[in-house]
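See structure below.
The values are calculated or read from the model by the stated rules, or taken from the named source; none is laboratory data. Bear in mind the structure is a predicted one, so any value in this text is a computation, not a measurement. All Cβ positions, even for glycine, are placed from backbone atoms using ideal geometry, and neighbour counts span all protein chains on display. Accessible surface areas use protein heavy atoms only, side chains included; no ligands, DNA or RNA. Shrake-Rupley method; radii C 1.70, N 1.55, O 1.52, S 1.80 Å.
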Amino acid sequence: MVAYAVTNAKGKRSLWVRRLESLSPRLLEGSESTEDYYSFTWTLDGKAVVALVNGKLVRFSATGGANELLCENFNAAPSTINRDGTILAWTAPPTKIFSASADDCTLHDKSPSDAPGSAYGYPHFLPDGNYFLFAVVRKDKRYDVLLGSLNNPKTRVLIRNGSYPKYVTAGYILFSSDGYLMA
């Protein structure tokens, strides 16, 4: 399935899902929002989409069924989730990376402190659920893909001149570089 955001002619935003073998999309009920969908993520089982809707973190059933309110007050865009339920999110415009658990909804800053003035965004967990990729836009407007960890504040540059990193199960890191999709 694929999930995507739609803005109608009246400016109302919502999330939709569609099976790849079908041309018929389905609205995720309750996803109507007054704010942009900067980022949302699939759960690991592929049965739900986690998104920020009007300041609330919600788990939308993609297969039908009830939605679940995860956090009443949440002010970061969810980007990825690991098998333990830890969510990585970022603030928009991309400035900081946060981790949070749906159990307590507390945001924990995971942004590096060694590059003040840089903007961080687009985190994506690697398969181990501890390490993650994310993008940085430095003060000099240079983009890089960094490697971070939930339990270690040190980061390292993995890819120079890259942004929007995603790990895919074939063992590749997909990223954007100078307008090209790279692997």
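Observations on the model:
- Applying the Karplus relation 6.51 cos²θ - 1.76 cosθ + 1.60 with θ = phi - 60° to segment 39-50 yields 3J(HN,Hα) values of 6, 8, 9, 7, 6, 4, 7, x, 9, 8, 10, 9 Hz, where x marks Gly and Pro.
- Under 5 Å between amide hydrogens, built in the peptide plane, is the criterion, and for T95 it picks out Y120 among residues at least 5 positions away or on other chains.
- Most to least accessible of K10, K47, K96, K110 (protein chains only, probe 1.4 Å): K10, K47, K96, K110
- Cα-based Lys proximity count in the chain, under 25 Å, for pairs eight or more positions apart or on separate chains: 22
- Listed residues H108, H124 arranged by accessible area, highest first, probe 1.4 Å: H108, H124
- Counting only protein heavy atoms and a probe of 1.4 Å, the accessible surface of segment 44-112 is 46% carbon and sulfur.
- Spacing of the modelled spin labels on L27 and S149, each 7 Å from Cα toward Cβ, amounts to 4.7 nm.
- Cα-based shape type of segment 1-90, given that a ≥ b ≥ c are square roots of the gyration tensor eigenvalues and the cut on a/c is 1.5: oblate
- For the chain, accessible area per residue (1.4 Å probe, heavy atoms of protein chains only), Å²: 56
- Prolate/oblate/rounded call for segment 113-172, Cα gyration tensor, a/c under 1.5 rounded: oblate
- Label selected from (i) 1.86; (ii) 1.02; (iii) 1.67, the criterion being Cα Rg over 2.2 N^0.38 Å as computed here: (ii)
- FRET efficiency, 1/(1 + (r/R0)^6) with R0 30 Å, evaluated for R142 and L20 via beta carbons: 0.25
- Measuring with a 1.4 angstrom probe and ignoring ligands and nucleic acids, R160 comes out at about 150 Å² accessible.
- Highest GNM mean-square fluctuation among V17, V168, V50, for the chain modelled with Cα contacts below 10 Å: V168.
- Candidates N73, N151, N130, ranked by Gaussian network fluctuation over the chain, Cα under 10 Å, top entry: N151
- Of C105, C71, the order by accessible heavy-atom surface (1.4 Å probe, DNA, RNA and ligands excluded), from most exposed downward, is C105, C71.
- Highest-fluctuation residue, P123, P112, P78 considered, GNM on the chain with Cα pairs under 10 Å: P112
- Sites D109 and N8 - FRET efficiency at Förster radius 25 Å, r taken between beta-carbons, to 0.05: 0.10
- R0 of 35 Å, Cβ-Cβ distance S101-N161: FRET efficiency to nearest 0.05: 0.55
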